[in-house]
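Novice: Take this structure first; my questions come after.
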Amino acid sequence: FLMSAFIIVHRCDRVGHQPLPHKRRCALEEHDVNQLANAGKYVSAMVAAAVRLQYKATPTPFWVWMVLITSTGTTVYQL
């Protein structure tokens with residue numbers, strides 16, 4: 001009962017930073033394209049961070065290019 005009450009009260013119209021699954025759920029339930037765009041920003045930033053970590057583990061020319069591509073793509077997408 002408490003969980004169902006929480007779900008009823010918990011709405012997607014809150015402003016601020018919300019976790020990625022919440023953004024995706026809001027985008028799907030409310031057809032809010034802005035929430036989906038924000039979720040994409042989080043995903044692109046996580047991918048760029050993961051690529052940078054991989055580059056630190058194995059600093060090869062391939063990973064240098066991957067860091068440049070993902071970091072540039074993330075920066076452009078965030079604008």
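The values are calculated or read from the model by the stated rules, or taken from the named source; none is laboratory data. Nothing here was measured: the structure is a model prediction, and the numbers come from that model. FYI the Cβ positions are ideal-geometry reconstructions off the backbone, even for glycines, and counts take in every protein chain you see.
Novice: Of all residues being part of a helix (DSSP H, G or I) and farther than 22 Å from Gly73 by Cα in segment 28-50, which is modelled with the lowest pLDDT? Just the residue, please. Quick ask: steps written out before the conclusion?
Specialist: Here is the first cut: in segment 28-50, the ones part of a helix (DSSP H, G or I) are 28-30, 33-50.
Going one step further and asking which of them are farther than 22 Å from Gly73 by Cα, we end up with 28-30.
On the way: Leu28: 67, Glu29: 71, Glu30: 70.
Among those residues, the one meeting the criterion is Leu28.
Novice: While we're on this one: Taking segment 69-79 on its own, how many of its residues are free of Cβ contacts under 8 Å to residues at least 24 places away in the same chain and surrounded by 12 or more Cβ atoms within 10 Å (Cβ to Cβ)?
Specialist: If we filter segment 69-79 for residues that are free of Cβ contacts under 8 Å to residues at least 24 places away in the same chain, which is where we start, we get 69, 71-72, 75-76, 79.
Among the residues that remain, those that are also surrounded by 12 or more Cβ atoms within 10 Å (Cβ to Cβ) are: 69, 71, 75.
Residues that pass the stated criteria total 3.
Novice: Hey, among Leu53, Leu2, which residue is of a type in the set (A, V, I, L, M, F, W, C), exposed (fewer than 12 other Cβ atoms within 10 Å of the Cβ) and modelled with pLDDT under 80?
Specialist: It is Leu2.
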